1. Check which residues have an amide H placed less than 5 Å from K50's amide H, if you skip close sequence neighbours.
2. Using θ = phi - 60° and the Karplus relation 6.51 cos²θ - 1.76 cosθ + 1.60, list the HN-Hα couplings for segment 136-152 in order, rounded to whole Hz, with x at every Gly or Pro.
3. In deg cm²/dmol, rounded to 500, what helix-only [θ] at 222 nm does the chain give when every DSSP H run of at least 4 residues adds -39500 (n - 2.57) and the total is split over its residues?
4. Mind listing the long-range amide H neighbours of L177? Cut-off is under 5 Å, sequence gap 5 or more, other chains count too, H placed in the peptide plane at 1.01 Å from N.
5. Given H placed 1.01 Å from N in the peptide plane, which residues other than close sequence neighbours of K133 have an amide H under 5 Å from its amide H?
6. Starting from the Cα of Y119, step 7 Å along the direction of its Cβ; do the same at A33; then give the gap between the two resulting points in nm.
7. Distances over 19 Å make up what percent of all Cα-Cα pairs in segment 37-202?
8. What does DSSP give for the chain in terms of the percent of beta bridges that are antiparallel, rounded to the nearest 5?
Amino acid sequence: MRKIRVRAVLSLAIIMIGVIALPQLVMAYFSNAAAFFKTYPSAATVSSMKYWTDSSVSTHGFTAYFSNARSKWDAAPNAQIGWSATTSYDDAFVRFYGVNDIPLDYAGIAKPYNSNGSYLADPDIGSGAIWHKVHIILNKGYMDANGYTSNMIQKTALHEVGHALGLRHQPDNEGPLDTVMIQGKQTFTDIRSIDKSNVAWKY
Ligand SMILES: [Zn+2]
């Protein structure tokens, strides 16, 4: 009798924890398909992304940040994500750049292009795997003016590479979430659980 009662209390406690915790976990994050734009690169492309690095990347001190960002996404478990450096601008799927441009109002940006070379300003228009190139740009001028620490720069590099994989922004209306796909000055040096599970679902 006593054993049964303890189990019942324990079950009730677990149910109550579930009721309290679930709305935050489920409602706050975009997961699986909801985490991705309606257009994105193909899985075949993502499995072996050719990348080209402009000389402006080292000029503005971004070489290690991009290198780390590639490695961290590459290491996501159960996701076929790979990189291969190329010296061919034309062959590259991702092209990395640095700028030092204070009037530009961003710390970083990822710009997808379709097969015609057109910039897809809204990657949610259309559907299917139609990204043929992505340009990733980090902006030293904006980061310097806004007091970015090295960990904030690293988060920005991780975030922009996440966009290159087709990931959209995670919602921030319930406070900062534990994901590199949130906007703003965050200090992440690696991708987070939700980021890993989302790319594992897709790739
Ligand atoms: Zn973004």
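1. Hits under the 5 Å cutoff: S84, F93, V94.
2. Result, rounded to whole Hz: 10, 10, 9, 10, 4, x, 5, 5, 4, 5, 10, x, 5, 7, 4, 5, 6.
3. That comes out to -12000 deg cm²/dmol.
4. none
5. Y113
6. My value for the distance between the label points is 3.1 nm.
7. Values: 7219 of 13695 pairs.
Value for segment 37-202 (Cα pairs over 19 Å): 53 percent.
8. Details: 8 of 21 bridges.
The answer is about 40 percent antiparallel.
The numbers here are math on the coordinates, done by the rules we state, and not lab data. Remember, it's a predicted structure, so these values are computed and weren't measured experimentally. Counting neighbours? That spans all protein chains shown, and the Cβs are built from the backbone with ideal geometry, glycine included.
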